[in-house]
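Undergrad: Below is the structure I would like to discuss, written out as structure tokens.
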Amino acid sequence: MTKLMLQLKTFIVRIRNSEEPVRKRWLIGLSGGSMLIVVALWALYINVIVPPTVPLIAKGDTQREAGVFKTFTTGLRVVIGELKKSSESLSNYLGNVLQVKNEITLQGSERNFILDELPPIPATKLP
């Protein structure tokens, strides 16, 4: 076994033998670290697969990208427009649902068997 593997094994044994709160802290820390690694790898993967939608601007080009405020207001306008569309469709759907009338029908019980000819069931005493 290599020295690194031996150190890792003793580290895990030390965590196993420690108190419950210490093990919980290590669990939370290692879970968070592994989650960050997975998210970082996922972001790298997405950056490799998805081509950029905005063409890259050359260094000598005098065009400037939109500022944060302009980008934010443009996005806010798009979101508000989508909310208006979805609220209209939601109000139409709710209007149709509220116009439906439900019917409740109550029927009496119908017996499809005869109780008179059944043999009596003997009583059993429970302990």
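The values are calculated or read from the model by the stated rules, or taken from the named source; none is laboratory data. What you are looking at is a predicted structure, and each value in this text was computed from that prediction instead of being measured. As a convention, Cβ positions derive from the backbone with ideal geometry for all residues, glycine included, and neighbour counts pool all protein chains shown.
Undergrad: For the stretch 1-38, how many residues meet the condition of being part of a helix (DSSP H, G or I) and among the acidic types (D, E)? Give the steps one after another, and end with the answer.
TA: Of the stretch 1-38, the ones part of a helix (DSSP H, G or I) are 3-16, 20-38.
Checking the rest, the ones that are also among the acidic types (D, E) come to 20.
Of the residues in that region, 1 qualify.
Undergrad: Against the definition (surrounded by 10 or more Cβ atoms within 10 Å (Cβ to Cβ) and modelled with pLDDT under 85), how does A66 come out, yes or no? It would help to see each step written out before you state the result.
TA: Details: surrounded by 10 or more Cβ atoms within 10 Å (Cβ to Cβ): yes; modelled with pLDDT under 85: yes.
So A66 fits the description; yes.
Undergrad: Also, quick follow-up: Six or more apart or on different chains, Cβ atoms under 9 Å: show the pairs whose first residue is in the stretch 70-97 and part of a helix (DSSP H, G or I) and at pLDDT below 85 and whose second is surrounded by fewer than 10 Cβ atoms within 10 Å (Cβ to Cβ) and not hydrophobic (A, V, I, L, M, F, W, C).
TA: Here the result reads T71/E65, each pair linking the stretch 70-97 to a residue that is surrounded by fewer than 10 Cβ atoms within 10 Å (Cβ to Cβ) and not hydrophobic (A, V, I, L, M, F, W, C).
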